[in-house]
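> What follows is a structure written as structure tokens; I'll ask about it next.
The numbers here are math on the coordinates, done by the rules we state, and not lab data. The structure presented is a predicted model; accordingly, all values stated were derived computationally and were not measured. Here the Cβ is made from the backbone with ideal geometry for all residues, glycine too, and neighbour counts use every protein chain on show.
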Amino acid sequence: MPLIIGLGNPGSKYAGTRHNIGFEFIDKLATSLSARMGPGKGPFHVGKGNHAGHSIYLIKPTTYMNNSGDAIQQAVSWYKEDVGNCLVCYDDLDLDIGTLRLRPGGSAGGHNGIKDIINKLGTNSFPRLRIGIGNDFPRGQQVQHVLSSFSDDERTTIESTLDNAVDAALCFVREGIDQTMNKFN
């Protein structure tokens, strides 16, 4: 039973920010699967959906981004799922706005949420879906950039990108990470 996980920060203060693109992704996926999100058995919200004969759990950590590993570790344990069957979606500064990249594993690439997940799970071998949020900001303004909202033009691109991300996640459920990478990278 795949776990599809979107990273972000809880609270209205962070809604709509670049750093919360993983939460927006889960919300869009939940809508497409008619899955209702609610409190889980740990520091996360969960929704259950079905696609192509597969049950899917959608996970949004209620920890802050830099402590995402606590929530993911508890979700993986609670649902007794192998980390190779978990797709983690998050923002990536190194990708242009609207770019999707899937990988079967790898380093944190400077993303503190992913770094915490790797530390808590003890492995970097879990599939990732990265969504580009761009890096057009002055030197030293990284935090301000990731916590900023998208412009109206960027928002149009992001909405289309989120639709593609939902398609990629459903492909992951049906066909696994390798086929999904071939189709969406």
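> For the stretch 106-125, does any single residue satisfy the condition of being within 20 Å of Thr31 (Cα to Cα) and of a type outside the set (Ser, Thr, Tyr)?
Of all residues in the stretch 106-125, those within 20 Å of Thr31 (Cα to Cα) come to none.
Checked against the condition, which is being within 20 Å of Thr31 (Cα to Cα) and of a type outside the set (Ser, Thr, Tyr), the stretch 106-125 yields no hits at all.
> Has the stretch 145-160 got at least one residue that is small (Gly, Ala, Ser) and under 21 Å from Ile56 (Cα atoms)?
Step one: of the stretch 145-160, the residues small (Gly, Ala, Ser) are 148-149, 151, 160.
Going one step further and asking which of them are under 21 Å from Ile56 (Cα atoms), we end up with none.
There is no residue in the stretch 145-160 that is small (Gly, Ala, Ser) and under 21 Å from Ile56 (Cα atoms).
> Now for a different question. Please verify whether the stretch 72-89 includes one or more residues that are within 15 Å of Thr161 (Cα to Cα), touching a residue at least 24 places away in the same chain (Cβ under 8 Å), out of contact with any Asp or Glu (no Cβ under 7 Å at 6 or more places or on another chain) and not basic (Lys, Arg). Let's see the steps before the verdict.
Our first condition is that a residue be within 15 Å of Thr161 (Cα to Cα); within the stretch 72-89, this holds for 89.
Among the residues that remain, those that are also touching a residue at least 24 places away in the same chain (Cβ under 8 Å) are: 89.
If we keep only those that are out of contact with any Asp or Glu (no Cβ under 7 Å at 6 or more places or on another chain) too, we end up with 89.
This time we only want the ones that are not basic (Lys, Arg), so: 89.
Scanning the stretch 72-89 turns up at least one residue that is within 15 Å of Thr161 (Cα to Cα), touching a residue at least 24 places away in the same chain (Cβ under 8 Å), out of contact with any Asp or Glu (no Cβ under 7 Å at 6 or more places or on another chain) and not basic (Lys, Arg).
> A follow-up question, please. Residue by residue through the stretch 129-159, note down the ones that are under 16 Å from the mean Cα position of the chain (by Cα) and assigned to a helix (DSSP H, G or I).
Result: Val146, Ile158, Glu159.
> When you go through Gly122, Gly113, Gly132, Gly109 one by one, which is the residue that is small (Gly, Ala, Ser) and out of contact with any strand residue (DSSP E or B) (no Cβ under 9 Å at 6 or more places or on another chain)? Lay out the reasoning, then the answer.
Details: Gly113 fails: out of contact with any strand residue (DSSP E or B) (no Cβ under 9 Å at 6 or more places or on another chain); Gly132 fails: out of contact with any strand residue (DSSP E or B) (no Cβ under 9 Å at 6 or more places or on another chain); Gly109 fails: out of contact with any strand residue (DSSP E or B) (no Cβ under 9 Å at 6 or more places or on another chain).
Only one candidate qualifies: Gly122.
> Still on this structure: Of all residues in the stretch 66-113, which are among the hydrophobic types (A, V, I, L, M, F, W, C) and in contact with a helix residue (DSSP H, G or I) (Cβ under 8 Å, 6 or more places away or on another chain)?
Filtering the stretch 66-113 for residues among the hydrophobic types (A, V, I, L, M, F, W, C) gives 71-72, 75-76, 78, 83, 86-89, 93, 95, 97, 100, 102, 108.
Within the stretch 66-113, Ile72, Val76, Val83, Cys86, Leu87, Val88, Cys89, Leu93, Ile97, Leu100, Leu102, Ala108 meet the criteria.
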